[in-house]
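Visitor: Dropping the structure in here first, questions after.
The values are calculated or read from the model by the stated rules, or taken from the named source; none is laboratory data. Just so we're clear, the structure is a prediction, and the values are computed from it rather than from any experiment. Quick reminder, even Gly has a Cβ in these numbers, built from the backbone with ideal geometry, and neighbours come from all protein chains shown. The protein model used for the area step is the full one, side chains on, heavy atoms only, and it has no ligands, DNA or RNA in it. Shrake-Rupley method; radii C 1.70, N 1.55, O 1.52, S 1.80 Å.
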Amino acid sequence: MTKPPRTSLQRQQHALSSTEKQLAVLQGDAADFRLVPFQQKLEECGLYPLRPLPLEIFQVNVGKMCNQVCRHCHVDAGPDRKEIMTRETMQQCLDALDRHPSLRTVDLTGGAPEMNPHFRWFVEEIRKRNRQVIVRCNLTIIRANAKYHDLPYFYREHGVEVVSSLPFYTQDRTDRQRGDGVFADSIAALQQLNEAGYGKSGTGLVLNLVYNPAGAFMPPPQESLEREYRKALQERFGIVFNQLFAITNLPISRFLDFLLESGNYEAYMEKLCNAFNPAAAANVMCRNTISIGWDGWLYDCDFNQMLGLKADLPGIDHISAFDAEALSRRSIVVNQHCFGCTAGAGSSCGGSVA
Ligand code: SF4
Ligand code: SF4
(Lines give C-alpha, C1' and ligand atoms only; values in the text may rest on other atoms or scores of the structure.)
(Ligands and ions follow the chains in the order given, each with its own letter.)
Protein backbone atom coordinates (compact mmCIF):
# COMPACT_ATOMS: atom_id res chain seq x y z
CA MET A 1 0.00 0.00 0.00
CA THR A 2 1.30 3.48 -0.83
CA LYS A 3 2.03 5.95 1.98
CA PRO A 4 -0.92 7.55 3.77
CA PRO A 5 -1.95 11.00 2.54
CA ARG A 6 -1.27 14.09 4.68
CA THR A 7 -4.78 15.49 4.39
CA SER A 8 -8.30 14.21 3.83
CA LEU A 9 -9.73 13.84 0.32
CA GLN A 10 -12.11 16.64 1.25
CA ARG A 11 -9.23 19.02 2.01
CA GLN A 12 -7.57 18.02 -1.27
CA GLN A 13 -10.87 18.79 -3.07
CA HIS A 14 -10.46 15.31 -4.53
CA ALA A 15 -13.24 14.07 -6.84
CA LEU A 16 -13.85 11.08 -4.54
CA SER A 17 -14.73 13.34 -1.64
CA SER A 18 -18.12 13.49 -3.37
CA THR A 19 -20.39 10.60 -2.39
CA GLU A 20 -22.15 10.86 -5.78
CA LYS A 21 -18.83 10.28 -7.51
CA GLN A 22 -18.06 7.28 -5.31
CA LEU A 23 -21.46 5.75 -6.01
CA ALA A 24 -21.03 6.36 -9.74
CA VAL A 25 -17.73 4.44 -9.67
CA LEU A 26 -19.24 1.59 -7.62
CA GLN A 27 -22.22 1.31 -9.96
CA GLY A 28 -19.98 1.39 -13.01
CA ASP A 29 -21.84 4.40 -14.42
CA ALA A 30 -18.86 5.74 -16.35
CA ALA A 31 -16.91 2.60 -17.21
CA ASP A 32 -17.10 -0.69 -19.10
CA PHE A 33 -16.57 -2.57 -15.88
CA ARG A 34 -19.80 -3.72 -14.25
CA LEU A 35 -20.26 -6.27 -11.53
CA VAL A 36 -23.39 -8.30 -10.93
CA PRO A 37 -25.65 -6.05 -8.86
CA PHE A 38 -25.42 -6.84 -5.14
CA GLN A 39 -29.21 -6.80 -5.07
CA GLN A 40 -29.27 -9.71 -7.55
CA LYS A 41 -26.97 -11.76 -5.33
CA LEU A 42 -29.32 -11.17 -2.39
CA GLU A 43 -32.33 -12.11 -4.54
CA GLU A 44 -30.68 -15.38 -5.52
CA CYS A 45 -30.42 -16.43 -1.88
CA GLY A 46 -33.85 -15.09 -0.88
CA LEU A 47 -32.54 -12.16 1.17
CA TYR A 48 -33.83 -9.26 -0.91
CA PRO A 49 -35.18 -6.90 0.28
CA LEU A 50 -32.77 -7.11 3.20
CA ARG A 51 -34.76 -6.80 6.40
CA PRO A 52 -33.63 -5.91 9.91
CA LEU A 53 -33.53 -8.35 12.82
CA PRO A 54 -34.30 -7.08 16.33
CA LEU A 55 -32.23 -3.95 16.93
CA GLU A 56 -29.39 -4.46 19.42
CA ILE A 57 -26.61 -2.00 18.65
CA PHE A 58 -26.71 1.75 18.50
CA GLN A 59 -23.56 2.82 16.64
CA VAL A 60 -22.87 6.52 17.04
CA ASN A 61 -20.32 8.28 14.87
CA VAL A 62 -19.39 11.29 17.00
CA GLY A 63 -17.33 13.02 14.33
CA LYS A 64 -14.82 12.83 11.51
CA MET A 65 -11.92 14.49 13.31
CA CYS A 66 -8.95 12.17 13.83
CA ASN A 67 -5.28 12.49 14.77
CA GLN A 68 -4.38 10.13 11.90
CA VAL A 69 -4.94 10.11 8.14
CA CYS A 70 -4.87 6.37 7.34
CA ARG A 71 -4.63 5.27 3.72
CA HIS A 72 -7.58 2.88 3.91
CA CYS A 73 -9.98 5.10 5.90
CA HIS A 74 -13.60 4.83 4.74
CA VAL A 75 -14.53 7.92 6.78
CA ASP A 76 -11.96 10.20 5.10
CA ALA A 77 -11.14 11.26 8.65
CA GLY A 78 -8.21 13.45 9.69
CA PRO A 79 -7.11 16.46 11.70
CA ASP A 80 -8.58 18.76 9.04
CA ARG A 81 -12.13 17.38 9.40
CA LYS A 82 -14.28 19.59 11.60
CA GLU A 83 -17.58 17.65 11.63
CA ILE A 84 -18.27 16.91 15.30
CA MET A 85 -21.46 15.75 17.03
CA THR A 86 -22.88 18.46 19.28
CA ARG A 87 -24.02 17.90 22.85
CA GLU A 88 -27.60 18.55 21.72
CA THR A 89 -27.43 15.66 19.23
CA MET A 90 -25.84 13.46 21.90
CA GLN A 91 -28.74 14.34 24.18
CA GLN A 92 -31.14 13.23 21.43
CA CYS A 93 -29.26 9.90 21.33
CA LEU A 94 -29.66 9.58 25.12
CA ASP A 95 -33.36 10.42 24.86
CA ALA A 96 -33.75 7.66 22.26
CA LEU A 97 -32.00 5.20 24.61
CA ASP A 98 -34.38 6.26 27.40
CA ARG A 99 -37.37 5.55 25.18
CA HIS A 100 -35.99 2.17 24.01
CA PRO A 101 -34.72 0.10 26.97
CA SER A 102 -34.12 -2.93 24.72
CA LEU A 103 -31.14 -1.18 23.10
CA ARG A 104 -28.36 -2.62 25.24
CA THR A 105 -25.14 -1.63 23.44
CA VAL A 106 -23.78 1.73 22.31
CA ASP A 107 -20.80 1.54 19.96
CA LEU A 108 -18.87 4.82 19.68
CA THR A 109 -16.86 5.49 16.57
CA GLY A 110 -15.39 8.37 14.54
CA GLY A 111 -12.74 9.67 13.47
CA ALA A 112 -11.11 9.38 16.84
CA PRO A 113 -14.22 9.56 19.07
CA GLU A 114 -12.14 10.80 22.01
CA MET A 115 -11.45 14.07 20.14
CA ASN A 116 -15.08 15.10 20.46
CA PRO A 117 -15.07 17.58 23.39
CA HIS A 118 -18.24 16.00 24.81
CA PHE A 119 -16.97 12.41 24.55
CA ARG A 120 -16.41 11.76 28.26
CA TRP A 121 -19.71 13.34 29.27
CA PHE A 122 -21.49 11.19 26.68
CA VAL A 123 -19.85 7.97 27.92
CA GLU A 124 -20.78 8.82 31.52
CA GLU A 125 -24.40 9.51 30.57
CA ILE A 126 -24.70 6.25 28.62
CA ARG A 127 -23.23 4.28 31.52
CA LYS A 128 -25.68 5.95 33.94
CA ARG A 129 -28.34 4.36 31.75
CA ASN A 130 -26.68 0.98 32.32
CA ARG A 131 -25.85 0.33 28.67
CA GLN A 132 -22.73 -1.46 27.46
CA VAL A 133 -20.32 1.01 25.82
CA ILE A 134 -17.84 0.02 23.12
CA VAL A 135 -15.29 2.58 21.95
CA ARG A 136 -13.36 2.22 18.70
CA CYS A 137 -10.02 3.60 19.81
CA ASN A 138 -7.20 4.06 17.32
CA LEU A 139 -4.63 3.64 20.16
CA THR A 140 -2.34 6.51 19.12
CA ILE A 141 -4.85 9.04 20.47
CA ILE A 142 -3.85 7.87 23.98
CA ARG A 143 -0.29 9.06 23.24
CA ALA A 144 -1.20 12.08 21.12
CA ASN A 145 -1.58 14.70 23.85
CA ALA A 146 -1.30 14.84 27.65
CA LYS A 147 -5.06 15.35 27.94
CA TYR A 148 -5.62 11.84 26.55
CA HIS A 149 -2.97 9.97 28.57
CA ASP A 150 -5.46 8.90 31.26
CA LEU A 151 -7.95 7.39 28.78
CA PRO A 152 -7.20 3.77 29.83
CA TYR A 153 -8.21 4.70 33.40
CA PHE A 154 -11.27 6.61 32.23
CA TYR A 155 -12.33 3.54 30.23
CA ARG A 156 -11.70 1.29 33.22
CA GLU A 157 -13.66 3.52 35.60
CA HIS A 158 -16.67 3.33 33.31
CA GLY A 159 -16.33 -0.32 32.26
CA VAL A 160 -15.92 0.61 28.59
CA GLU A 161 -15.06 -2.16 26.12
CA VAL A 162 -12.13 -1.10 23.92
CA VAL A 163 -11.83 -2.13 20.27
CA SER A 164 -8.51 -1.04 18.84
CA SER A 165 -7.19 -1.11 15.34
CA LEU A 166 -3.76 -2.61 14.85
CA PRO A 167 -3.52 -3.44 11.14
CA PHE A 168 -0.62 -5.83 11.75
CA TYR A 169 1.85 -6.91 14.41
CA THR A 170 4.86 -5.52 12.54
CA GLN A 171 5.98 -1.94 12.16
CA ASP A 172 6.39 -1.75 8.40
CA ARG A 173 2.88 -2.91 7.49
CA THR A 174 1.22 -0.82 10.18
CA ASP A 175 3.12 2.38 9.42
CA ARG A 176 2.64 1.98 5.67
CA GLN A 177 -1.11 2.07 6.16
CA ARG A 178 -1.44 4.46 9.10
CA GLY A 179 1.64 6.71 9.07
CA ASP A 180 5.20 6.84 10.42
CA GLY A 181 5.50 6.10 14.13
CA VAL A 182 1.97 4.69 14.46
CA PHE A 183 3.15 1.17 15.30
CA ALA A 184 5.45 2.30 18.14
CA ASP A 185 2.73 4.51 19.64
CA SER A 186 0.12 1.76 19.26
CA ILE A 187 2.34 -0.73 21.11
CA ALA A 188 2.95 1.79 23.91
CA ALA A 189 -0.81 2.46 24.15
CA LEU A 190 -1.59 -1.27 24.27
CA GLN A 191 0.92 -1.66 27.10
CA GLN A 192 -0.83 1.17 28.97
CA LEU A 193 -4.20 -0.52 28.46
CA ASN A 194 -2.75 -3.80 29.78
CA GLU A 195 -1.34 -1.95 32.80
CA ALA A 196 -4.85 -0.66 33.51
CA GLY A 197 -6.06 -4.28 33.42
CA TYR A 198 -7.41 -4.38 29.85
CA GLY A 199 -7.13 -7.75 28.10
CA LYS A 200 -6.11 -9.52 31.32
CA SER A 201 -8.06 -12.53 32.50
CA GLY A 202 -10.18 -11.99 35.57
CA THR A 203 -10.48 -8.20 35.20
CA GLY A 204 -13.57 -8.20 32.98
CA LEU A 205 -11.94 -5.37 31.01
CA VAL A 206 -12.25 -6.27 27.35
CA LEU A 207 -9.61 -5.29 24.79
CA ASN A 208 -10.26 -6.50 21.27
CA LEU A 209 -7.99 -5.79 18.31
CA VAL A 210 -8.85 -5.18 14.67
CA TYR A 211 -6.82 -6.42 11.73
CA ASN A 212 -7.44 -5.10 8.26
CA PRO A 213 -5.52 -5.94 5.09
CA ALA A 214 -2.69 -3.65 3.99
CA GLY A 215 -3.62 -3.95 0.32
CA ALA A 216 -6.16 -5.16 -2.22
CA PHE A 217 -6.76 -8.56 -0.66
CA MET A 218 -9.18 -10.22 1.70
CA PRO A 219 -8.28 -11.00 5.32
CA PRO A 220 -6.93 -14.45 6.14
CA PRO A 221 -9.02 -16.67 8.46
CA GLN A 222 -9.64 -14.85 11.72
CA GLU A 223 -8.81 -17.72 14.09
CA SER A 224 -5.34 -18.50 12.73
CA LEU A 225 -4.54 -14.80 12.47
CA GLU A 226 -5.58 -14.32 16.10
CA ARG A 227 -3.13 -17.05 17.15
CA GLU A 228 -0.35 -15.32 15.18
CA TYR A 229 -1.13 -11.92 16.75
CA ARG A 230 -1.30 -13.41 20.23
CA LYS A 231 2.07 -15.11 19.89
CA ALA A 232 3.87 -12.16 18.27
CA LEU A 233 2.51 -9.48 20.62
CA GLN A 234 3.09 -11.57 23.74
CA GLU A 235 6.63 -12.63 22.83
CA ARG A 236 7.87 -9.32 21.52
CA PHE A 237 6.02 -6.81 23.69
CA GLY A 238 4.32 -8.72 26.54
CA ILE A 239 0.91 -7.57 25.25
CA VAL A 240 -2.30 -9.54 25.88
CA PHE A 241 -5.76 -9.03 24.41
CA ASN A 242 -9.11 -10.79 24.25
CA GLN A 243 -10.12 -11.29 20.61
CA LEU A 244 -8.96 -10.30 17.16
CA PHE A 245 -11.51 -9.12 14.59
CA ALA A 246 -10.47 -9.52 10.94
CA ILE A 247 -12.18 -6.85 8.85
CA THR A 248 -12.37 -6.50 5.07
CA ASN A 249 -11.65 -3.04 3.64
CA LEU A 250 -14.71 -1.72 1.85
CA PRO A 251 -14.29 0.16 -1.43
CA ILE A 252 -15.24 3.55 -0.01
CA SER A 253 -13.47 6.90 0.20
CA ARG A 254 -9.68 6.62 0.67
CA PHE A 255 -9.59 2.85 0.15
CA LEU A 256 -11.55 3.32 -3.07
CA ASP A 257 -9.02 5.96 -4.06
CA PHE A 258 -6.17 3.53 -3.31
CA LEU A 259 -7.82 0.78 -5.39
CA LEU A 260 -8.30 3.08 -8.37
CA GLU A 261 -4.84 4.68 -8.12
CA SER A 262 -3.08 1.32 -7.85
CA GLY A 263 -5.08 -0.24 -10.71
CA ASN A 264 -6.55 -2.87 -8.36
CA TYR A 265 -10.18 -1.76 -8.32
CA GLU A 266 -11.71 -4.18 -10.82
CA ALA A 267 -9.78 -7.23 -9.61
CA TYR A 268 -10.62 -6.44 -5.98
CA MET A 269 -14.33 -6.03 -6.65
CA GLU A 270 -14.40 -9.26 -8.65
CA LYS A 271 -12.64 -11.06 -5.82
CA LEU A 272 -15.25 -9.84 -3.33
CA CYS A 273 -18.12 -10.68 -5.65
CA ASN A 274 -16.82 -14.18 -6.46
CA ALA A 275 -16.44 -14.86 -2.75
CA PHE A 276 -20.08 -13.88 -2.01
CA ASN A 277 -21.24 -16.09 0.86
CA PRO A 278 -25.01 -16.36 1.54
CA ALA A 279 -24.31 -17.30 5.18
CA ALA A 280 -22.33 -14.09 5.62
CA ALA A 281 -25.08 -12.12 3.85
CA ALA A 282 -27.65 -13.44 6.31
CA ASN A 283 -25.55 -12.10 9.20
CA VAL A 284 -24.48 -8.66 7.98
CA MET A 285 -24.24 -6.17 10.84
CA CYS A 286 -26.80 -3.73 9.44
CA ARG A 287 -29.51 -6.24 10.40
CA ASN A 288 -29.14 -5.63 14.15
CA THR A 289 -27.45 -2.21 14.18
CA ILE A 290 -28.46 1.36 13.47
CA SER A 291 -25.85 3.98 12.70
CA ILE A 292 -26.18 7.62 13.73
CA GLY A 293 -24.18 10.30 11.95
CA TRP A 294 -22.43 13.25 13.63
CA ASP A 295 -25.37 15.46 12.58
CA GLY A 296 -28.02 13.01 13.80
CA TRP A 297 -29.12 11.42 10.52
CA LEU A 298 -29.81 7.69 10.62
CA TYR A 299 -28.11 5.11 8.40
CA ASP A 300 -28.11 1.32 8.15
CA CYS A 301 -24.36 1.21 8.85
CA ASP A 302 -21.25 3.39 9.07
CA PHE A 303 -20.37 2.53 5.44
CA ASN A 304 -23.73 3.71 4.12
CA GLN A 305 -23.23 6.80 6.27
CA MET A 306 -19.98 7.62 4.48
CA LEU A 307 -21.69 7.15 1.11
CA GLY A 308 -24.54 9.44 2.12
CA LEU A 309 -27.10 6.60 1.84
CA LYS A 310 -29.62 7.44 4.55
CA ALA A 311 -31.86 4.80 6.13
CA ASP A 312 -35.07 4.33 4.16
CA LEU A 313 -37.35 6.05 6.68
CA PRO A 314 -38.82 9.10 4.95
CA GLY A 315 -39.64 11.83 7.46
CA ILE A 316 -38.27 9.94 10.49
CA ASP A 317 -34.66 9.44 9.45
CA HIS A 318 -33.19 11.63 12.19
CA ILE A 319 -32.31 10.73 15.78
CA SER A 320 -34.76 13.37 17.04
CA ALA A 321 -37.56 11.19 15.62
CA PHE A 322 -36.02 7.81 16.52
CA ASP A 323 -38.62 5.04 16.44
CA ALA A 324 -37.42 1.44 16.75
CA GLU A 325 -40.80 0.07 15.65
CA ALA A 326 -40.66 2.01 12.37
CA LEU A 327 -37.03 0.97 11.92
CA SER A 328 -37.98 -2.68 12.17
CA ARG A 329 -40.24 -2.31 9.12
CA ARG A 330 -37.66 -0.66 6.84
CA SER A 331 -35.68 -2.24 4.00
CA ILE A 332 -31.91 -1.90 4.35
CA VAL A 333 -30.29 0.19 1.60
CA VAL A 334 -27.67 -1.87 -0.25
CA ASN A 335 -25.23 -1.11 -3.05
CA GLN A 336 -22.08 -2.56 -4.61
CA HIS A 337 -19.83 -1.78 -1.61
CA CYS A 338 -21.87 -4.35 0.36
CA PHE A 339 -19.86 -7.11 -1.35
CA GLY A 340 -17.17 -6.26 1.22
CA CYS A 341 -19.43 -7.49 4.05
CA THR A 342 -20.46 -10.74 2.41
CA ALA A 343 -17.19 -12.09 0.97
CA GLY A 344 -15.71 -15.26 2.44
CA ALA A 345 -16.22 -15.43 6.18
CA GLY A 346 -17.96 -12.04 6.00
CA SER A 347 -16.97 -8.83 7.75
CA SER A 348 -18.50 -6.56 10.35
CA CYS A 349 -17.38 -4.23 13.13
CA GLY A 350 -17.06 -7.43 15.18
CA GLY A 351 -15.01 -9.28 12.56
CA SER A 352 -16.11 -12.42 10.66
CA VAL A 353 -19.80 -13.27 10.69
CA ALA A 354 -20.03 -16.68 9.01
S1 SF4 B 1 -8.99 4.60 9.92
FE2 SF4 B 1 -9.54 5.25 11.98
S3 SF4 B 1 -7.63 6.05 12.85
FE4 SF4 B 1 -7.36 5.96 10.65
S5 SF4 B 1 -7.93 8.01 9.88
FE6 SF4 B 1 -9.76 6.70 9.77
S7 SF4 B 1 -10.85 7.06 11.68
FE8 SF4 B 1 -8.73 7.79 11.97
S1 SF4 C 1 -22.20 -2.16 3.75
FE2 SF4 C 1 -23.68 -1.73 5.34
S3 SF4 C 1 -25.67 -2.03 4.33
FE4 SF4 C 1 -24.14 -3.06 3.08
S5 SF4 C 1 -24.14 -5.17 3.84
FE6 SF4 C 1 -22.49 -4.05 4.91
S7 SF4 C 1 -23.43 -3.40 6.81
FE8 SF4 C 1 -25.11 -3.92 5.40
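Visitor: Would you pick out the residues in the range 70-95 that are of a type outside the set (Asp, Glu), in a loop (DSSP other than H, G, I, E, B), surrounded by fewer than 22 Cβ atoms within 10 Å (Cβ to Cβ) and in contact with a strand residue (DSSP E or B) (Cβ under 9 Å, 6 or more places away or on another chain)?
Guide: Within the range 70-95, Pro79, Lys82 qualify.
Visitor: Between residues in the range 1-27 that are without any contact (Cβ under 8 Å) to a residue 40 or more places away in the chain and residues that are among the aliphatic types (A, V, I, L, M) and outside any helix (DSSP H, G or I), which pairs lie under 9 Å by C-beta distance while being six or more apart or on different chains?
Guide: Here the result reads Ala24/Ala30, each pair linking the range 1-27 to a residue that is among the aliphatic types (A, V, I, L, M) and outside any helix (DSSP H, G or I).
Visitor: Checking Glu43 against (1) within 15 Å of ligand 2 (Cβ to nearest atom); (2) modelled with pLDDT under 95, only one condition comes out false. Which one?
Guide: Only one criterion in (1) within 15 Å of ligand 2 (Cβ to nearest atom); (2) modelled with pLDDT under 95 is unmet by Glu43, namely (2).
Visitor: Take Gly344 and decide whether it is over 18 Å from the mean Cα position of the chain (by Cα) and under 29 Å from Tyr211 (Cβ atoms).
Guide: Considered against the rule, which asks whether it is over 18 Å from the mean Cα position of the chain (by Cα) and under 29 Å from Tyr211 (Cβ atoms), Gly344 comes out as yes.
Visitor: Under 8 Å between Cβ atoms, at least 6 apart or on separate chains: pull out the pairs that start in the range 182-201 with a residue that is over 12 Å from Leu151 (Cα atoms) and end on any residue that is hydroxyl-bearing (Ser, Thr, Tyr) and assigned to a loop (DSSP other than H, G, I, E, B).
Guide: From residues that are over 12 Å from Leu151 (Cα atoms), the pairs are Phe183/Thr170; Gly197/Thr203.
Visitor: Could I ask something else about it? May I ask you to say which residue of Arg71, Arg51 is out of contact with any Cys (no Cβ under 9 Å at 6 or more places or on another chain) and within 30 Å of Met115 (Cβ to Cβ)?
Guide: Of the residues listed, the single one that is out of contact with any Cys (no Cβ under 9 Å at 6 or more places or on another chain) and within 30 Å of Met115 (Cβ to Cβ) is Arg71.
Visitor: Name the residues in the range 115-143 that are assigned to a helix (DSSP H, G or I), more than 11 Å from ligand 1 (Cβ to nearest atom) and within 20 Å of Asp80 (Cβ to Cβ), would you?
Guide: Phe119
Visitor: For the range 158-196, which residues satisfy the criterion of being open to solvent by 10 Å² or more (accessible area, probe 1.4 Å), in a loop (DSSP other than H, G, I, E, B) and either over 17 Å from Val210 (Cβ atoms) or of a type outside the set (Phe, Trp, Tyr) (or both)?
Guide: His158, Gly159, Thr170, Gly179, Asp180, Gly181, listed by residue number.
Visitor: Against the definition (within 14 Å of ligand 2 (Cβ to nearest atom) and part of a strand (DSSP E or B)), how does Leu272 come out, yes or no?
Guide: No: the conditions fail for Leu272.
Visitor: Just to check your reading of the model, which residue among Leu209, Leu225, Leu259 is touching a Phe, Trp or Tyr at 6+ places or on another chain (Cβ under 9 Å), within 22 Å of Gln10 (Cβ to Cβ) and open to solvent by less than 10 Å² (accessible area, probe 1.4 Å)?
Guide: Leu259
Visitor: Within the bounds of the range 277-287, is there any residue that is touching an Asp or Glu at 6+ places or on another chain (Cβ under 9 Å), more than 10 Å from ligand 2 (Cβ to nearest atom) and open to solvent by less than 40 Å² (accessible area, probe 1.4 Å)?
Guide: There is no residue in the range 277-287 that is touching an Asp or Glu at 6+ places or on another chain (Cβ under 9 Å), more than 10 Å from ligand 2 (Cβ to nearest atom) and open to solvent by less than 40 Å² (accessible area, probe 1.4 Å).
Visitor: Do you know which residues across the range 102-114 are closer than 25 Å to Asn212 by Cα and either within 16 Å of ligand 1 (Cβ to nearest atom) or among the charged types (D, E, K, R) (or both)?
Guide: Of everything in the range 102-114, those that are closer than 25 Å to Asn212 by Cα and either within 16 Å of ligand 1 (Cβ to nearest atom) or among the charged types (D, E, K, R) (or both) turn out to be Asp107, Leu108, Thr109, Gly110, Gly111, Ala112, Pro113, Glu114.
Visitor: Are any of the residues in the range 157-178 touching a residue at least 12 places away in the same chain (Cβ under 8 Å) and closer than 18 Å to Trp294 by Cβ?
Guide: no
Visitor: Does Leu53 satisfy being crowded, with 17+ Cβ neighbours inside 10 Å, more than 27 Å from Gln171 (Cβ to Cβ), within 16 Å of ligand 2 (Cβ to nearest atom) and over 17 Å from the mean Cα position of the chain (by Cα)?
Guide: Considered against the rule, which asks whether it is crowded, with 17+ Cβ neighbours inside 10 Å, more than 27 Å from Gln171 (Cβ to Cβ), within 16 Å of ligand 2 (Cβ to nearest atom) and over 17 Å from the mean Cα position of the chain (by Cα), Leu53 comes out as no.
Visitor: Pairs needed: first member in the range 73-102, farther than 29 Å from Arg11 by Cα and at pLDDT 95 or above; second member anywhere, open to solvent by 30 Å² or more (accessible area, probe 1.4 Å) and in a loop (DSSP other than H, G, I, E, B); C-beta distance under 6 Å; at least 6 residues apart or different chains.
Guide: Sorted first by the residue in the range 73-102, then by its partner, the pairs are Leu97/Arg129.
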